Amino acid sequence: MSADSAGKGAQVKIMVMDGQGGGIGALLIKGLREAVGEDLEIWALGTNATATARMMKAGANRGATGENAIARTSSRADIIIGSVSILMAHAMMGEVSPAMAAAVASSDAGKILIPLTRERVTIVGLTDEPLPHLVQQVVLLVKERCSHV
């Protein structure tokens, strides 16, 4: 089921993916919980255990770590949220494997990406907003896509 076709009463499955320290993912999950409460099924998918643990503490319903977990869960999520780096093989100092990036990119899930990357990539045409403002934009987009929330 895609996020656009989620009917009333169907719980939308949101996958939040992060790596390194999990700070961005934790902020996203915290922002979603504050704005929407428990009406969303949020899955924390970390490229490492530290990232997953931090996202779980922020309020995710379930969490898993590593390449296989990310590959498997990407195909089951309705919406995938993270920084644009989750689409880049070898991003996050090598934590995003080619298989992880391919699984996220090829998933039928809607993707909401924050234009932050420490990679040697510049995305043009975007305003330079601080992370809290970007998290607010993500929360608003999720609320729009989940009409029953």
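Quick notes on this one:
- Residues of the stretch 86-114 that are without any contact (Cβ under 8 Å) to a residue 40 or more places away in the chain and closer than 21 Å to Lys30 by Cβ: Lys111, Ile112, Leu113.
- Positions within the stretch 113-137 being in contact with a helix residue (DSSP H, G or I) (Cβ under 6 Å, 6 or more places away or on another chain) and under 18 Å from Thr47 (Cα atoms), in sequence order: Leu113, Ile114, Thr117, Glu119
- Failed criterion for Thr127 (all others in (1) surrounded by fewer than 13 Cβ atoms within 10 Å (Cβ to Cβ); (2) closer than 17 Å to Ile14 by Cα; (3) among the hydroxyl-bearing types (Ser, Thr, Tyr) hold): (2)
- The stretch 61-75: number of residues that are under 13 Å from the mean Cα position of the chain (by Cα), within 18 Å of Lys111 (Cα to Cα) and not polar (S, T, N, Q): 1
- Figure legend. Inter-residue proximity from the stretch 34-52: first residues closer than 19 Å to Arg145 by Cα, second residues acidic (Asp, Glu) and modelled with pLDDT of 90 or more, beta-carbon distance below 8 Å, spacing 6+ or different chains. No pairs are indicated.
- Against the conditions (1) surrounded by fewer than 21 Cβ atoms within 10 Å (Cβ to Cβ); (2) more than 23 Å from Leu32 (Cα to Cα), Leu141 satisfies every one except (2).
- Within the stretch 65-78, the set of residues being touching a residue at least 40 places away in the same chain (Cβ under 8 Å), farther than 20 Å from Thr117 by Cα and β-branched (Val, Ile, Thr) comprises just one member, Thr73.
- Count of residues meeting criterion [within 14 Å of Leu140 (Cα to Cα) and out of contact with any strand residue (DSSP E or B) (no Cβ under 6 Å at 6 or more places or on another chain)] in the stretch 28-57: 8
The values are calculated or read from the model by the stated rules, or taken from the named source; none is laboratory data. If you're wondering where the values come from, they're calculated on a predicted model, not measured in any experiment. We place every Cβ from the backbone using ideal geometry, glycine too, and count neighbours over all the protein chains shown.
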